[in-house]
Amino acid sequence: MEISSYLTAWGIYLFSAIGLVFVFWRMTRNLKLRRTRRSLRSLVAVILFTPINITTGSLWLAPAYLVGSYDWVLGKTEKALEAGLYISVAYVLMMFIIMLESVLRRIFGMGRAH
């Protein structure tokens, strides 16, 4: 794959993923439980934006959920589990950042984030 095709594909994917996150953000705005709303939004963002390297020896990234599901169907469970691990770690980090933001808002007396 040429580098220009690779970058074009990533550009189209990122534009589409941002659109999906925006639509999901609007869909979840009426959820009353703030923590549920924020964790669902972060889960969608993590799933769509977490990359994984698909080759050894060079850096060719692809969305982890696509690589994981494709390799799972092909029977390559170790690469699929690696993709799942990347997504899980990214989600845990996102939840940590959200909790840290909540604690800092309480410490500094700032208003609630909506």
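The values are calculated or read from the model by the stated rules, or taken from the named source; none is laboratory data. Owing to the predicted nature of the structure, the values given are computational and were not obtained by experimental measurement. Note: ideal-geometry Cβ built from the backbone for every residue, glycine included; neighbour counts use all protein chains shown.
Residue under question is Gly84, and the condition is that it be in a helix (DSSP H, G or I) and touching an Asp or Glu at 6+ places or on another chain (Cβ under 9 Å); does it hold?
Working: in a helix (DSSP H, G or I): yes; touching an Asp or Glu at 6+ places or on another chain (Cβ under 9 Å): no.
The answer is no for Gly84.
Here Trp60 meets the list (1) within 22 Å of Gly11 (Cβ to Cβ); (2) out of contact with any strand residue (DSSP E or B) (no Cβ under 7 Å at 6 or more places or on another chain); (3) not hydroxyl-bearing (Ser, Thr, Tyr) almost entirely, failing just condition (2). In the set (1) in contact with a Phe, Trp or Tyr (Cβ under 6 Å, 6 or more places away or on another chain); (2) part of a helix (DSSP H, G or I); (3) not polar (S, T, N, Q), Val23 fails one condition alone, (1). The set of residues in segment 26-59 that are surrounded by 12 or more Cβ atoms within 10 Å (Cβ to Cβ) and either over 23 Å from Leu100 (Cα atoms) or in contact with a Lys or Arg (Cβ under 6 Å, 6 or more places away or on another chain) (or both) comprises Met27, Thr28, Leu31, Pro51, Ile52, Asn53, Ile54. Confirm whether Trp10 is within 16 Å of the chain's Cα centre (by Cα), farther than 24 Å from Met95 by Cβ, modelled with pLDDT of 90 or more and outside any loop (DSSP other than H, G, I, E, B). Yes.
Per this entry, Ser88 is counted among residues that are at pLDDT 95 or above and either within 14 Å of the chain's Cα centre (by Cα) or surrounded by 14 or more Cβ atoms within 10 Å (Cβ to Cβ) (or both).
Cβ separations smaller than 7 Å between residues 6+ apart or across chains give the following pairs from segment 8-19 residues that are surrounded by 13 or more Cβ atoms within 10 Å (Cβ to Cβ) to residues that are in a helix (DSSP H, G or I): Ala17/Leu48; Ala17/Phe49.
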